[in-house]
Amino acid sequence: MPDGAAVPTKWNEIRQRIADSQRLAVMTGAGISAESGVPTFRGADGLWRNFRAEELATPEAFARDPKLVWEWYDWRRGLIADCAPNPGHMALAQMATKVPVLNLITQNVDGLHELAGSTDPVEMHGNIWKVRCTDCGQVSADRRVPIPILPRCDGCGGLLRPHIVWFGESLDEAVLARSFGAFEYADIALIIGTSGVVQPAASLAGLAKRAGAYVVEINPDATPNRALVDVTLSCAAGAVLPHLVPL
Ligand code: APR
């Protein structure tokens, strides 16, 4: 929105709905971190050495070539280490202080919601700053950039992998229950910066809608969610979210 321009009426109406909400559910995807400089997965900047995420973020790819998969994650970790939360992340952290319940569910693994001050975001797909031993299963924080390739477990010497849910792997049961519960019982749902093609996250907008919530999508590009939500704000998340925080 240009400086000095009036805030669109629709934005004010949504801010009022948020102010009146009892249970707000928020889903974020890579788009909310795009303005922080984190490449999205399906955008033009999402390729690394001509590989797509679906070719690298799989247990099969890791079994075949753990060095290649770690090199990709090391590249992403290096990028993310230099990124800071943007006004979109900050607005969601602030919004949580203005409503009785805000459940924040993210597909992102970059940790930027927590850095912005959101407490206890549900990280559906894990966190890029955590590693897990493929032998003993121990999960630990690891912020080394660059990370030695191949990294080894301090406890047992086993090969470490990113603590991330890859394509073909199941999501944690408790995480799933919290995510579905948040959207089933929400009175308002915000779907922000996701292409809406990766399940089960992609089904949450529809779940909230069927359960009677008012569903708002924020995405400058068309997605499959557009047909089912109440309103789409075709804007960058960082431009609109600060205007949706109740006063
Ligand atoms: N504000 C809002 N939305 C944006 C912005 C922005 N500034 N910039 C881009 N977008 C939108 C894009 O139009 C796109 O629809 O964000 C979406 C990002 O989509 P994807 O790259 O597909 O990311 P996401 O939906 O989070 O991917 C889901 O796929 O690769 C896996 O596990 C990975 O969590 C990821 C999952």
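Only the coordinates and a few stated rules stand behind these numbers; no lab work does. What you are looking at is a predicted structure, and each value in this text was computed from that prediction instead of being measured. In this analysis, Cβ positions are derived from the backbone assuming ideal geometry, glycine residues included, and neighbour counts consider all displayed protein chains.
Values as computed for the structure displayed
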read-out: All lysines inside 28 Å of Lys98 as judged from Cα atoms, apart from same-chain residues fewer than 8 positions distant; value: Lys10, Lys209
read-out: Isotropically averaged projected area of segment 109-247, using the convex hull of Cα atoms (one quarter of hull area), nm²; value: 10.3
read-out: Gaussian network model of the chain, Cα within-10 Å springs - most flexible of Ala57, Ala213, Ala227; value: Ala227
read-out: For the chain, built as a Gaussian network whose Cα springs stay under 10 Å, the top-fluctuating residue of Pro87, Pro39, Pro200; value: Pro200
read-out: Amide proton proximity set for Arg23, modelled H, under 5 Å, gap of 5+; value: Asp187, Ile188
read-out: Label-point separation in nm, Asn12 to Cys235, each point 7 Å along Cα→Cβ; value: 1.3
read-out: Distant-in-sequence amide H partners of Thr232 (H built 1.01 Å from N, under 5 Å); value: Glu217
read-out: Within segment 70-191: Cβ-based charge dipole about Cα centre, in debye rounded to nearest 20 (Lys, Arg +1; Asp, Glu -1); value: 260
read-out: Backbone HN-Hα couplings from phi across segment 53-67 [Karplus 6.51/-1.76/1.60, Hz, Gly and Pro as x]; value: 3, 5, 8, 10, 8, 9, x, 5, 4, 5, 5, 6, 8, x, 5
read-out: Net charge over other residues, Cβ less than 12 angstrom from the Cβ of Leu204 (K, R count +1; D, E count -1); value: +1
read-out: Residue-averaged 222 nm ellipticity for the chain, from DSSP H runs of 4+ at -39500 (n - 2.57), nearest 500; value: -8500 deg cm²/dmol
read-out: Extended-chain gain in nm, criterion 0.36 nm per residue less alpha-carbon gap, Ser170 and Val145; value: 6.2 nm
read-out: Counting DSSP beta bridges with both ends in the chain, the antiparallel % (nearest 5); value: 30
read-out: Gyration tensor verdict on segment 69-120 (Cα atoms; rounded if a/c is under 1.5, prolate if a/b is larger than b/c, oblate otherwise); value: prolate
read-out: Rg/Rh for the chain, where both radii come from Cα atoms and Rh is the Kirkwood radius; value: 0.98
read-out: Rounded Å value of the spacing that divides the Cα centres of segment 117-144 and segment 36-69; value: 18
read-out: Segment 1-127 - Rg over Rh from alpha carbon coordinates, Kirkwood radius; value: 1.05
read-out: Quotient of Cα Rg and 2.2 N^0.38 Å for segment 129-177, N being how many residues it contains; value: 1.23
read-out: Sum of side-chain charges, Glu114 neighbourhood, beta-carbon under 11 Å (Lys, Arg +1; Asp, Glu -1); value: -3
